[in-house]
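Take a look at the structure below.
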Amino acid sequence: MLKTTNHSSPLYSDKLVGLNDNFIFLSKLYNNNNFPRSLLVSGKKGIGKSTLILHFINYIFAKEKYNFKTNEIDVNSVVYRNIQNKIFQNLIFLKSDDIKKISIEDIRNLRKTIQKSTLNDLPRFIILDDIELFNTSSINALLKIIEEPIGNNYFILINNNQNKLIETIASRCLMINIYLKKNDRSKVIDYLIKKFNLETIIDYNNNNISPGLYLKYNLLSFENKISFDNDYLLNIQKIFNLYKKKKDSIYVNFLIFMTNDYFYRLTFTQKDNIEFINTARIKIIKIINNFAKYNLNVNSTFNEIQTKFTNV
């Protein structure tokens, strides 16, 4: 199995799979001079929204290096390499993995940056990922920039539907919703597994996990020796301890995924007890969310889950 985490980044996705129609739509908007100053792209996290946007950017600035028929980027393209190395002057990408790092000052500095033209006088695209997680102060500062477009700048806001989006943001943008059909989802994951020679730990056919989250959770499972055939309590105890140590929300989301997966599989062996199983699942997920929200103690939280679990 490939151990590097690079394959989970949209920056390295040189082929677009499953979202071809959306790519054509964006391309036509731009080529017909109808691309909005502010675009809001919404959809489930991990379905390929960032990959779609980055392919669109590569197409715009290196059309001669982009295969429109197969939706593939020439990895030898200067634009592609500069985007990978985060030195492409026509792209600003703010990804909110740690929302605390995106502050009001960051947004103010962004305004100062976009007041200056690019050296090549070509359009500049500002991509803001996880826009639904930005704090209120940052959102308000961002709105001022969007309402008063400066120069040749275009905003693309990515909403991963992890939290309720402030309505004033949506009202200022052209919004498109991105969906990935079940067959396309499996096709994308199959492609990623073959491309990166991944060891398949998560059974993606029996749940609705998105390709992006599949890559992340599969890697987490590999790195922490988690098998979904193993004891559920043992698995989540490992992840609880990892979250307490690293404070990364991906571990909380992984805990919820493992919980949903475990109880879903349990319904097949206890078909007469489905309602009770579902109630226990909901209670455990609430405990997990409260653990992260209120920074609760690992041992007491795990003991509470263990009590709910043993009653199933």
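Just a few scattered comments:
- Inter-label distance, nm, simple model (7 Å from Cα along the C-beta direction), N295/K86: 2.6
- Per-residue ellipticity at 222 nm from helix content only, as computed over the chain with -39500 (n - 2.57) for each DSSP H run of at least four residues, stands at -16000 deg cm²/dmol.
- Pairwise FRET efficiency - D248 versus Y30, Cβ, R0 = 30 Å, nearest 0.05: 0.25
- Karplus-derived 3J(HN,Hα), 6.51/-1.76/1.60, for each residue of region 150-164, Hz, glycine and proline x: 10, x, 9, 10, 10, 9, 10, 9, 9, 10, 8, 6, 8, 8, 6
- Taking 1.567 mPa s as the viscosity and 4 °C as the temperature, the Stokes-Einstein diffusion coefficient of region 259-312 based on its alpha-carbon Kirkwood radius rounds to 112 µm²/s.
- Residue-normalised accessible area of the chain, expressed per residue, 1.4 Å probe, Å²: 53
- log10 of Debye I(q)/I(0), alpha-carbon scatterers only, for region 159-305 at 0.09, 0.14, 0.18 Å⁻¹: -0.35, -0.82, -1.20
- Accessible-area composition of the chain, carbon plus sulfur, in percent [1.4 Å probe]: 49
- Quarter of Cα convex hull surface for region 39-152, i.e. mean projection, nm²: 7.8
- Loop-located trypsin sites (Lys or Arg not before Pro) in region 218-312 (DSSP state other than H, G, I, E, B) with a sparse environment of at most 10 neighbouring Cβ atoms within 10 Å: K225.
- Note on the chain: antiparallel DSSP beta bridges, both residues inside, total approximately 15 percent of the bridges counted.
The values are calculated or read from the model by the stated rules, or taken from the named source; none is laboratory data. None of these values were measured; they are calculated from a predicted model. Here Cβ is always computed from backbone atoms with ideal geometry, including for glycine, and neighbour counts include all displayed protein chains. The accessibility values were calculated without ligands, DNA or RNA, using every heavy atom of the protein model including side chains. Shrake-Rupley method; radii C 1.70, N 1.55, O 1.52, S 1.80 Å.
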